[in-house]
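This report concerns only the one structure given below.
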Amino acid sequence: MTCPICQRETARDYRPFCSRRCADVDLARWVNGGYAIPSEREEDAEIRDDEEPTTH
């Protein structure tokens with residue numbers, strides 16, 4: 001089995017990742033919205049159209 005982030009062999013302690021770093025990279029992608037399941041519902045499309053872009 002290979003790590004889904006860097007493709008190295010997985011480590012038993014961090015499976016399915018090879019290291020703590022790759023596990024943290026994956027977690028950060030979830031938290032920051034890097035992984036998303038597209039929706040085909042009309043309500044979701046309306047929400048996206050109405051949203052104002054946020055600036056930080």
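Scan region 2-56 for residues that are in a loop (DSSP other than H, G, I, E, B), at pLDDT below 95 and aliphatic (A, V, I, L, M) and jot them down.
36, 37
When both residues are 6+ apart or on different chains and their Cβ atoms are under 6 Å apart, which pairs have a first residue that lies in region 1-16 and is loosely packed, with under 12 Cβ neighbours inside 10 Å, and a second that is outside any helix (DSSP H, G or I)?
Matching pairs, first to second residue: 1/10.
Can you find, within region 17-38, the residue that is surrounded by the fewest Cβ atoms within 10 Å (Cβ to Cβ) among those that are among the hydrophobic types (A, V, I, L, M, F, W, C) and over 9 Å from the mean Cα position of the chain (by Cα)?
37
The values are calculated or read from the model by the stated rules, or taken from the named source; none is laboratory data. Values in this document were obtained by computation on a predicted structure and should not be read as measured data. Cβ atoms come from the backbone with ideal geometry, glycine included; neighbour counts cover every protein chain shown.
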